[in-house]
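Novice: Take a look at the following structure, please.
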Amino acid sequence: MVDILQGVVAVVVLLLIITIWGYGIGKRCAIELPHLPMQILVGFFGVFIFLELLVLPILFFYNNVRFATGFIGIFMGIITLGILLKYKLAVFETVKDVKEKGLFFLTLLLGAIMVFLAVGQRYLGFDTTYYVGMMNSFLTYNEFWTRDACMGLEYLPIVPLHYALSCFYPFFAMIALVFHIPVRIVAMFVIRGLCVFLFGMTAFCCGYEFFGREKKYAYCFTLLCFGISVFMVSEVHGFAFMMMVRGYESKGYCAAVVAPMCILALIKIMKEIDNQKNWHLLAIICWASMPVAMSSMAVIPVAVAVAGFVMMIYYKRFFYVLLRCFYCVLPNLLLMSWYIIGKKFPMSWGG
Amino acid sequence: MITTLYITSPVWLLLTVIAMIYLIVRLRKEPRKLLLLCGGVFAVLILNDISYGILSKLFDPASYYRFLWVIPYGMLIAYVLLRICIDIAQCEKMAKGLRQLLVLAILCGFFGMLYQTQDNFGMRWYSQHPWNEYVAEPDVVQLAEIMEKEKENFPKDTMPRLATPQIIMLQYQTIDGACIVSTDRVVYLQIRRDGQDPGVFGEQYYDKFLLSQVCEDGICPDKELVKGALEREQIDIMIVRKGMEDYMEVLGGKQIGTTDSFAVYRF
């Protein structure tokens, strides 16, 4: 029980950090932050871009989990403090705007029930043993990805690029280390709970945009999304199953947060193609997509390519759209190239 | 076929199609064109069997379903449902009470239909929730306690090597990273479930497979064969079903504890 309470503390601290980062990134990168959920999501994406920039070099040059945790912790602390000093309490100005009569509390209640249902789901799949086992091995051996949970945690001489190019599992293993929580508890409670929470934020953002920027409809939309998700047990490939049951995997985040947010950003761009803030939002989502989940490697570029192609034809602005779409998916393309080359020429640890 | 792979419940497909039709009819001309174009391009590029055939050669076919995540059909259905409710609520031709009643009836009807036709996560939680904080099988938690004591007998920084049944293999390393499970995921997934030859994964997998037969199936192969496998795989701990005491004694194992369903032996 103490472990679960520590998990709750970890989630609260994490949410506080990403809320602060969301404000800083929104201001710095000129992304519109009309409400708290958007601020939280922007912060979430920003944190993962930052983590990817630090975790990848550490992984390949000095693969040490405790060093990475300390280094990243200090950097995150400095940046968080910097944002707080620069913007002071303005970072929390969106918090007071979330109330909307009873709907806020109703959504909060249903959201809490969803989190409760999600963390109580049992899934004994072969993937569970792999992902959670890998995170366990990070902490046991103090090295990222040098053990293979498919092979019972035997030494793995080759860098598993199909997972190692994302910082999702290293990040949550570091959370387990910092807060002294068993990895399985982090996976089953913290990661899954956070996934459902962020899905709620995503649904709110979508509802807000789709229903004339009215908060009451955004709350209604979130409630309906939660309600519908509860009944999607049979859709084992769908977003709800990924979020509720396999939410401890990065897939859950890709299906329930990254992909819908990418679609929202593309719809916003289609509505106002000249609004650069929408392009910035798309860029931050795309750049964070692979750090959050390797599943996004092809999924997000395909979504951007389809929408980009349609916009090129429809608006007849070939280079304008092409350049921006290319800029958005560039990190995915680079990491995908790395992954494909790595498949042909496997990299062993130490060169 | 892509359709047979990913459509599990026709209810969701039907609701998605209805929502799409509603949206196409309801939208203004410009967004409608954009929506149809996007849908068309996506269908040509991804949602067809020819693309599936080509792309599944480049990527893992088991991962193809991820492309479907860019169609947030749950949100689409929620959008149309809310839009209908808003339209009714704002219809001034009807009395306010009637409008409220109609919205309530639509929502109750919709969720009632889902309740009748679909399983829900609440039922899944109620029927399957294991009542411990690790959300793990009690056997696995009990094994962790036995292992914690037994590890004191191992030299420092030495990882015990385990041969285990599938249920333990699936969960134990999610609780304890400081061990090596010899009868690994490859044995239970690729070899036993998918029926691949152990030799495909290396000579050592014949031994691992043999050990899995003892642990999982409770069969007792020739003791010399198993002893050889135990030696080559350097097994320290073996977890088998209860009731194999005589056979395990012949193999040279010493019982160090039991869980609800299994007995734990030290070699």
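Novice: Can you list residues from other chains, or at least 5 along the same chain, whose modelled amide H is less than 5 Å from the amide H of A:ILE273?
Specialist: none
Novice: How far apart, in nanometres, would the label points at A:PHE116 and A:LEU330 be if each is projected 7 angstrom from Cα along the Cα-to-Cβ direction?
Specialist: For A:PHE116 paired with A:LEU330, the spin-label model returns 4.8 nm.
Novice: If the elastic network links every pair of Cα atoms under 10 Å, which of A:LEU56, A:LEU14, A:LEU89 fluctuates the most in the Gaussian network model of chain A?
Specialist: Taking springs between Cα atoms under 10 Å, the residue moving most is A:LEU89.
Novice: In nanometres, what is the gap between the two model label sites at A:VAL95 and A:TRP349, each 7 Å from Cα along Cα-to-Cβ?
Specialist: Placing both labels 7 Å along Cα→Cβ, they lie 4.2 nm apart.
Novice: I would also like to ask the following. Taking H as built 1.01 Å from N, whose amide H comes closer than 5 Å to the amide H of A:GLU154, not counting residues under 5 places away?
Specialist: Those qualifying (amide H under 5 Å, at least 5 residues apart or on another chain) are A:ASP148.
Novice: I would also like to ask the following. Over the Cα atoms of the stretch B:109-267, what is the Rg over Rh ratio if Rh follows Kirkwood?
Specialist: Numbers: Rg = 18.6 Å, Rh = 17.2 Å.
That ratio is 1.08, to two decimals.
Novice: Provide the gained length on full extension for the span B:ILE24 to B:ASP60, in nm with one decimal, where the gain is 0.36 nm per separating residue minus the Cα-Cα distance. Don't jump to the answer; show the numbers that get you there.
Specialist: Values: separation 36, 0.36 × 36 = 12.96 nm, distance 3.39 nm.
Residue separation times 0.36 nm, minus the Cα-Cα distance, leaves 9.6 nm.
Novice: Based on DSSP, what percent of beta bridges with both residues in the protein assembly as shown are antiparallel, to the nearest 5?
Specialist: Working: 12 of 17 bridges.
Among the beta bridges of the protein assembly as shown, antiparallel pairing accounts for roughly 70 percent.
Novice: Moving on to the next point. Return the sequence-ordered ³J(HN,Hα) values of the stretch B:164-170 in whole Hz as given by the Karplus equation 6.51 cos²θ - 1.76 cosθ + 1.60 applied to θ = phi - 60°, using x for Gly and Pro.
Specialist: 9, x, 4, 4, 6, 4, 5
Novice: Taking B:LYS208 as the anchor, which lysines have their alpha carbon closer than 19 Å to its alpha carbon, excluding any fewer than eight residues away along the same chain?
Specialist: B:LYS223, B:LYS227
Novice: Another question, if that's okay. Can you report the principal axis dimensions of chain A using only the alpha carbons, biggest first, rounded to whole angstrom?
Specialist: Ordered largest first, chain A gives principal extents of 55, 51, 48 Å.
Novice: Hey, another quick one. Can you list the residues, at least 5 places off or on another chain, whose amide H is less than 5 Å from the amide H of B:ILE180, using H built in the peptide plane?
Specialist: Under 5 Å from the amide H of B:ILE180 lie the amide H atoms of B:ARG161, B:LEU162, each far enough along the sequence or on another chain.
Novice: Ordered by residue, what ³J(HN,Hα) values in Hz, to whole numbers, does the stretch B:204-219 give under the Karplus form 6.51 cos²θ - 1.76 cosθ + 1.60, where θ = phi - 60° and Gly and Pro are x?
Specialist: Going residue by residue, I get 5, 6, 5, 5, 4, 5, 4, 5, 5, 5, 5, 5, 8, 8, x, 8 Hz, with x marking Gly and Pro.
Novice: In what sequence, highest mean first, do B:210-223, A:100-113 appear when ranked by Cβ atoms within 10 angstrom?
Specialist: Values: B:210-223: 17.7, A:100-113: 14.9.
Order by mean packing, descending: B:210-223, A:100-113.
Novice: Per residue of B:113-123, how many C-beta atoms from partner chains lie within 10 Å of its own C-beta, taken as a mean?
Specialist: Details: counts 1, 5, 2, 0, 2, 7, 5, 7, 16, 7, 2.
Mean partner shielding for this stretch: 5.
Novice: For the stretch B:15-139, what class follows from the C-alpha gyration tensor (a ≥ b ≥ c being the square roots of its eigenvalues): rounded when a/c is under 1.5, otherwise prolate if a/b is larger than b/c, else oblate? Let's see the in-between values first.
Specialist: Values: a/c = 3.54, a/b = 1.12, b/c = 3.15.
Note, shape of the stretch B:15-139 comes out oblate.
Novice: Moving on. Express the Stokes-Einstein translational diffusion coefficient of the protein assembly as shown in µm² s⁻¹, to the nearest whole number, given a Kirkwood radius over alpha-carbon pairs, 20 °C and a viscosity of 1.002 mPa s. Let's see the in-between values first.
Specialist: Working: Rh = 26.0 Å.
Approximately 82 µm²/s, per Stokes-Einstein.
Novice: Among A:338-346, A:119-127, B:89-97, A:228-236, what's the highest-first ranking by average C-beta atoms within 10 angstrom per residue?
Specialist: On the way: A:338-346: 11.7, A:119-127: 18.2, B:89-97: 9.6, A:228-236: 22.1.
Order by mean packing, descending: A:228-236, A:119-127, A:338-346, B:89-97.
Novice: Cross-link candidates for B:LYS29: which lysines have Cα within less than 30 Å, leaving aside residues fewer than 8 places away along the same chain?
Specialist: B:LYS29 reaches A:LYS215, A:LYS216, A:LYS268, A:LYS271, A:LYS277, A:LYS316, B:LYS93.
Novice: Can you quote the Å³ per residue value for the convex hull of the Cα atoms in the stretch A:74-165, rounded to an integer? Provide the component values of the computation, followed by the final result.
Specialist: On the way: hull volume 15.3 nm³, N = 92.
Expressed per residue, the convex hull around the Cα atoms of the stretch A:74-165 is 166 Å³.
Novice: Evaluate the distance, in nm, between pseudo-label points positioned 7 Å from the Cα of A:HIS180 and of A:LYS271 along their respective Cα→Cβ axes.
Specialist: It is 4.8 nm.
Novice: What is the average number of partner chain Cβ atoms found within 10 Å of a Cβ in A:146-155? Walk me through the numbers on the way to the answer.
Specialist: Numbers: counts 0, 4, 3, 6, 5, 10, 17, 10, 6, 1.
Across A:146-155, the average partner-chain Cβ count within 10 Å equals 6.
Novice: Around A:LEU165, under 14 Å between beta carbons, what's the net of Lys plus Arg minus Asp minus Glu among the other residues? Show your work: numbers first, answer last.
Specialist: Values: positive: A:LYS343; negative: A:GLU52.
Around A:LEU165, the charge tally is 0.
Novice: Output the Kirkwood hydrodynamic radius of chain B, Cα pairs only, in Å rounded to one decimal. Each step should come with its number before you reach the end.
Specialist: Details: mean 1/r = 0.0420 Å⁻¹.
About 23.8 Å, per the Kirkwood formula over Cα pairs.
Novice: Hey, which aspartates and glutamates would be in cross-link range of B:LYS242, C-alpha to C-alpha under 14 Å, not counting anything within fewer than 8 residues on its own chain?
Specialist: B:ASP139, B:GLU216, B:ASP217, B:ASP260
Novice: Provide the per-residue ³J(HN,Hα) series for the stretch A:213-228, in order, calculated from phi with Karplus coefficients 6.51, -1.76, 1.60 and θ = phi - 60°, each as a whole number of Hz, with x at glycine and proline positions.
Specialist: Each residue's phi maps through the Karplus curve to give 6, 9, 5, 5, 6, 4, 5, 4, 5, 4, 4, 5, 4, 4, x, 5 Hz.
Readers should treat all values here as calculations from the given coordinates under stated rules, not as data from a laboratory. Predicted model only: the values in this text are computed from it and were never measured. As a convention, Cβ positions derive from the backbone with ideal geometry for all residues, glycine included, and neighbour counts pool all protein chains shown.
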